[in-house]
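Below: the structure, in structure tokens.
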Amino acid sequence: MNETVNRCEAQLADWLQQAFRAAFGEAQAWSGIRVQPATDARFGDFQCNDAMQAAKTLRRPPRAVAEAALAALPLPPMLTRAEIAGPGFINLTVSPAWLAEQLAALAAAPRFGIPDAGQGRTVVIDYSSPNVAKPMHIGHIRSTVIGNALDRLYRALGFRVLADNHLGDWGTQFGLLIQGYRTFLDDAEREALTVEALERVYVQSYNRSKEEPAWLDRCKAELVKLQQGDPENRAIWERFIAISRSEFDRVYRRLDVSFDLTRGESYYNDTLPATIQTLQEKGLAVESEGALVVKLDDEGMPVCIVRKSDGGFNYAATDIATVRSRVAEFNPDRIVYVTDERQQLHFRQFFAVCAKLGYTTRLEHVWFGLMRLPEGTFSTRQGNVIKLEALLDEAERRALEIIKGSNSDMPEAEQKELAAAIGIGAIKYADLSHDPQTLIVFTWEKALALEGNSGPYLQYAHARVCSLLDKYAEQVPGRDPLGNTLLLNEPVEKALALQLMQFPAAVLRAAEACKPSVLADFLFGLSQTYSSFYQRSPVLKADEAVRDSRIRLCAMVAQVLAEGLGLLGIRTPRRI
Ligand code: ARG
């Protein structure tokens with residue numbers, strides 16, 4: 001995925017490569033010459049930094065190399081200027097007409113030119129993955145939101161994506177839960193079972209197991225029965241999963257998140273013995289103090305335990321078996337896991353084990369820092385875990401308050417729908433606008449701010465462009481702005497066009513680096529350029545040809561904002 005995706009840059013690089021060939025003859029090195037956006041718009045629109053490298057190959061001073069290359073060919077029509085600066089940077093200024101043509105072609109391409117980088121290759125994205133019988137908490141929101149943005153990005157880039165919600169639905173906690181469920185709940189509570197009740201049961205059962213060895217033994221016995229397939233325990237366990245899933249699904253619906261697969265850890269149970277046996281046969285797993293471990297000394301890591309001393313398989317064993325199953329079934333190019341930073345060692349360890357097993361699938365752990373919440377952020381608190389649903393409720397409540405203030409004449413149902421789009425969008429954007437690997441301190445003021453780098457700000461920016469388009473439609477009925485002729489004579493118009501051209505590259509970079517923040521940054525930058533364009537260049541009041549051109553630029557901005565926010569999983573209502 002390293003090719004230049006920006007069509008302007010690709011053509012300019014092509015021309016420069018020819019210039020180097022004309023000046024210095026054929027050489028392999030010239031095909032590496034690239035062009036990128038100018039770091040400073042005062043010097044040009046694009047720049048090439050490769051003359052310095054070429055100078056080394058040619059053993060000549062870099063400026064002389066750049067000069068000779070530029071002198072070798074006449075300036076093509078796409079350029080109005082090509083200049084050398086500093087030690088040998090080549091600065092290129094493109095002609096407005098050519099840029100307009102390039103932009104028009106991009107806008108005509110599906111999804112504003114997002115390239116087919118995936119070409120049908122498969123990516124498994126393992127995200128959200130909460131644990132059964134526990135409420136989804138604030139830690140799961142980042143996995144869900146980041147994972148879902150990656151899911152959308154990869155899909156848009158032509159990958160076959162399998163979004164897999166790897167539920168934590170197996171483990172020793174089920175012994176405690178089953179025993180507690182039978183003991184601590186009455187018939188009515190069992191009938192109307194909720195995840196909250198299960199969480200209470202767990203805490204109670206756990207505490208009792210610490211005080212009363214006989215209780216712990218009973219829990220262990222229930223676990224063994226479950227593992228051996230006892231129908232009654234199995235039915236109770238399945239009920240825990242069903243109740244949890246319906247609660248998770250409520251959250252996913254509100255977040256516009258859906259999965260292709262929801263295979264819990266238990267799905268791989270039957271394959272664990274064979275997986276571990278392979279490790280043993282290959283001499284990779286050895287006994288150590290009763291447990292079975294894979295040594296990772298060469299990798300500089302502690303041993304990876306794959307079977308505990310009590311004979312039970314653990315988290316690592318399940319993850320290794322999961323890779324094996326996914327590779328066999330889907331033959332993925334890569335598997336991406338999204339979890340919080342505390343699991344880094346676990347992933348590095350089992351990735352190392354998979355490498356030893358000979359798996360070549362690229363395994364990537366996208367870890368994120370936990371979101372910190374200043375005291376008093378939420379109105380509803382339960383123990384120390386903040387329930388995700390409470391967070392979403394609060395976001396919608398606050399958004400509704402704002403909307404009631406600004407759109408008092410809007411019907412209530414519409415206000416509520418808008419509040420959901422803005423409230424949820426605010427939460428998602430507060431997360432996605434940061435590099436995943438940073439700690440976020442979440443505040444409502446920032447998340448819901450109408451100015452600055454926030455979700456609502458971008459949604460408003462989009463809606464304002466849409467309303468401008470509506471006014472144009474009233475003024476010039478029946479004309480599609482996308483058919484208008486583009487004129488890019490003003491510097492702000494050109495700047496906006498150059499920035500729009502960067503959309504496909506931003507999408508690609510965000511996916512490549514597994515950082516949706518790259519796209520968020522791009523969208524924020526675009527909306528800022530748009531706002532200075534809008535302040536300096538009247539649209540509807542301009543002369544006809546200029547007006548028509550500018551409204552076409554506006555239509556493109558609306559299209560890219562909607563497309564881009566859509567890739568982040570953020571809705572873009574046309575009217576706010
Ligand atoms: N269930 C785990 C948790 O809540 C996350 C699982 C991540 N995926 C994986 N394949 N290990 O922390």
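Seen against the Cα atoms of the chain and their longest principal axis, helix 138-156 is set at about 50 degrees. Figure legend: label point modelled 7 angstrom from the Cα of Glu389 along Cα→Cβ; residues of the range 197-215 with amide N under 19 Å from it are 197-203. Applying Stokes-Einstein at 25 °C and 0.890 mPa s to the Kirkwood radius of the range 13-120, computed over alpha-carbon pairs, gives a translational diffusion coefficient of 164 µm² s⁻¹.
Taking the longest Cα principal axis of the chain as reference, the axis of helix 344-356 is set at about 90 degrees. Here the scattering of the range 417-560 is modelled by Debye summation over its C-alpha atoms, one equal scatterer each and no solvent; at q = 0.14, 0.20, 0.21 Å⁻¹ the log10 of I(q)/I(0) is -0.72, -1.20, -1.26.
Share of antiparallel DSSP beta bridges in the chain, in percent to the nearest 5? Don't skip to the end; give the middle numbers.
Working: 21 of 41 bridges.
DSSP beta bridges in the chain are roughly 50 percent antiparallel.
The label-point distance for Ala64 and Arg239, in a model that sets each label 7 Å from Cα toward Cβ, rounds to 8.7 nm. The spread of Cα positions in the range 101-166, taken along each principal axis and listed from longest to shortest, comes to 56, 23, 10 Å. The calculated 222 nm mean residue ellipticity attributable to helices in the chain amounts to -17500 deg cm²/dmol, summing -39500 (n - 2.57) over DSSP H runs of n ≥ 4 and dividing by all residues. Packing order of peptides 125-132, 414-421, 287-294, highest average first: 125-132, 414-421, 287-294 (average count of other Cβ atoms within 10 Å over each peptide's residues). Label point of Arg575 set 7 angstrom out along Cα-Cβ; within the range 411-454, amide nitrogens under 11 Å from it belong to 411, 414-415. Between Glu191 and Thr443, the modelled label-to-label distance comes to 4.9 nm, taking each label 7 Å out from Cα in the direction of the beta carbon. The slack in the chain from Asn489 to Glu512, taken as 0.36 nm per residue of separation less the alpha-carbon distance, amounts to 4.8 nm. With the convex hull constructed from alpha-carbon coordinates only, the range 262-309 shows a mean projected area of 4.2 nm² over all directions. Anisotropy class assigned to the range 392-473 is oblate, per the alpha carbon gyration tensor with a/c at or over the 1.5 cut-off and a/b no larger than b/c. The C-alpha atoms of the chain define a longest principal axis, and helix 7-24 lies at about 60 degrees to it.
Would you please report the Å³ per residue occupied by the convex hull of the alpha carbon atoms in the range 228-306?
About 173 Å³ per residue, rounded to a whole number.
At an R0 of 51 angstrom, the distance between the Cβ atoms of Phe184 and Gln28 translates into a FRET efficiency of 0.10.
The modelled label-to-label distance between Arg250 and Ala97, using points 7 Å beyond Cα along the C-beta direction, is 6.3 nm.
Using a/c under 1.5 as the rounded threshold, could you call the chain rounded, prolate or oblate? The axes a ≥ b ≥ c are square roots of the C-alpha gyration tensor eigenvalues, and prolate needs a/b larger than b/c, oblate otherwise.
Oblate shape, in that a/c is at least 1.5 and b/c is the bigger or equal ratio.
In terms of its alpha-carbon gyration tensor, the range 114-248 comes out prolate; a/c meets the 1.5 threshold, and the first ratio a/b outweighs b/c. Please compare each pair in Lys220/Lys282; Lys446/Lys515; Lys494/Lys541; Lys134/Lys428 to a cut-off of 30 Å on the Cα-Cα distance and tell me which ones are over it. As for pairs spanning more than 30 Å Cα to Cα, those are Lys220/Lys282.
Between Ala545 and Asp260, 0.36 nm times their residue separation minus their Cα-Cα distance comes to what?
Values: separation 285, 0.36 × 285 = 102.60 nm, distance 4.84 nm.
Length gained, Ala545 through Asp260: 97.8 nm.
Based on C-alpha pairs under 8 angstrom that are at least 6 apart in sequence, the chain has a relative contact order of 15 percent. The fraction of all Cα pairs in the range 258-342 landing in successive 10 Å bins from 0 to the largest distance is 15, 44, 33, 7, 0, given as whole percents.
The Gln119 and Ser325 beta-carbon pair, evaluated with R₀ = 35 Å, returns a calculated FRET efficiency of approximately 0.90. Extension gain, Leu482 to Thr39, is 156.5 nm, computed as 0.36 nm per intervening residue step minus the present C-alpha separation. Backbone amide hydrogens, once placed in the peptide plane, bring Asp340 within less than 5 Å of Phe368, excluding anything fewer than 5 places away on its chain. If r is the Cβ-Cβ distance from Glu341 to Ala108 and R0 is 30 Å, what FRET efficiency results, to the nearest 0.05? Efficiency at R0 = 30 Å is approximately 0.10.
Placing a label point 7 Å from the Cα of Tyr206 along the Cα-to-Cβ line, the residues of the range 117-156 whose backbone N sits under 19 Å from it are 129-141.
Bear in mind these aren't lab numbers, they're just calculated from the coordinates by the rules spelled out. Everything quoted here is computed from the prediction, not taken from an experiment. Counting neighbours? That spans all protein chains shown, and the Cβs are built from the backbone with ideal geometry, glycine included.
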